[in-house]
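Inspection log for the structure reproduced underneath, given as structure tokens.
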Amino acid sequence: QGQLAESGGGLVQAGGSLRLSCTDSARYFSPTTRGWFRQTSGKEREFVAAIDWLGTTTYYSDSVKGRFTISRDDNTVYLQMNSLKPSDTALYFCNADVNVVTRVAGTYWGQGTQVTVSS
């Protein structure tokens with residue numbers, strides 16, 4: 001457990017790529033399923049992707065499957081986003097403990113990083 005910090009967001013044109021990073025400030029490895037959610041103003045926070053603590057099993061929403069790839073290295077989680085669409089525009093959050101059955105997030109969130117995709 002610890003504080004999460006996202007980075008890597010920015011402004012890109014449709015079809016471009018971004019790589020988000022989420023680093024846990026804790027100096028130890030936590031065996032939890034970590035993941036990414038995103039939120040647009042006026043909408044509920046949406047599940048994007050998750051990865052188990054071993055990094056062997058990944059989960060994706062249908063809207064990003066085939067375009068986004070989640071990975072992890074100890075306490076850093078990454079989200080490689082390719083073929084970005086304007087509909088991907090959102091504030092992206094990292095979560096430290098995702099229930100992959102219900103796709104409900106745990107308590108610990110980062111501050112979010114903004115991704116904006118222009119048409």
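Numerical summary
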{"read-out": "Residues located in the stretch 39-56, provided they are of a type in the set (A, V, I, L, M) and open to solvent by less than 80 Å² (accessible area, probe 1.4 Å)", "value": "Val48, Ala49, Ala50, Ile51"}
{"read-out": "Filtered residues of the stretch 81-99 (kept if surrounded by 15 or more Cβ atoms within 10 Å (Cβ to Cβ) and more than 20 Å from Gly42 (Cβ to Cβ))", "value": "Met81, Leu84, Cys94, Asn95, Ala96, Asp97, Val98"}
{"read-out": "All positions within the stretch 7-38 that are free of Cβ contacts under 8 Å to residues at least 60 places away in the same chain and open to solvent by 30 Å² or more (accessible area, probe 1.4 Å)", "value": "Thr23, Ser25, Arg27, Tyr28, Phe29, Pro31"}
{"read-out": "Failed criterion for Ala49 (all others in (1) touching a Gly at 6+ places or on another chain (Cβ under 8 Å); (2) over 15 Å from Ser61 (Cα atoms); (3) not in a loop (DSSP other than H, G, I, E, B) hold)", "value": "(2)"}
{"read-out": "Output for the stretch 35-68, where each listed residue is of a type in the set (S, T, N, Q), touching a Phe, Trp or Tyr at 6+ places or on another chain (Cβ under 8 Å) and over 11 Å from Ala90 (Cβ atoms)", "value": "Ser61"}
{"read-out": "Subset of the stretch 100-119 [part of a loop (DSSP other than H, G, I, E, B) and either open to solvent by less than 50 Å² (accessible area, probe 1.4 Å) or not aliphatic (A, V, I, L, M) (or both)]", "value": "Val100, Thr102, Arg103, Gly106, Thr107, Tyr108, Gly110, Gln111, Gly112, Ser119"}
{"read-out": "Identity of the residue in the stretch 62-79, modelled with pLDDT of 95 or more and part of a loop (DSSP other than H, G, I, E, B), that ends up least open to solvent (accessible area, probe 1.4 Å)", "value": "Val64"}
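The values are calculated or read from the model by the stated rules, or taken from the named source; none is laboratory data. It should be emphasised that the depicted structure is a prediction, and the values quoted were computed from it without experimental measurement. Ideal geometry is used to build each Cβ from the backbone, glycine not excepted, and the neighbour counts take in all protein chains shown. Heads up: the accessible areas ignore ligands, DNA and RNA and are worked out on the full protein's heavy atoms, side chains in. Shrake-Rupley method; radii C 1.70, N 1.55, O 1.52, S 1.80 Å.
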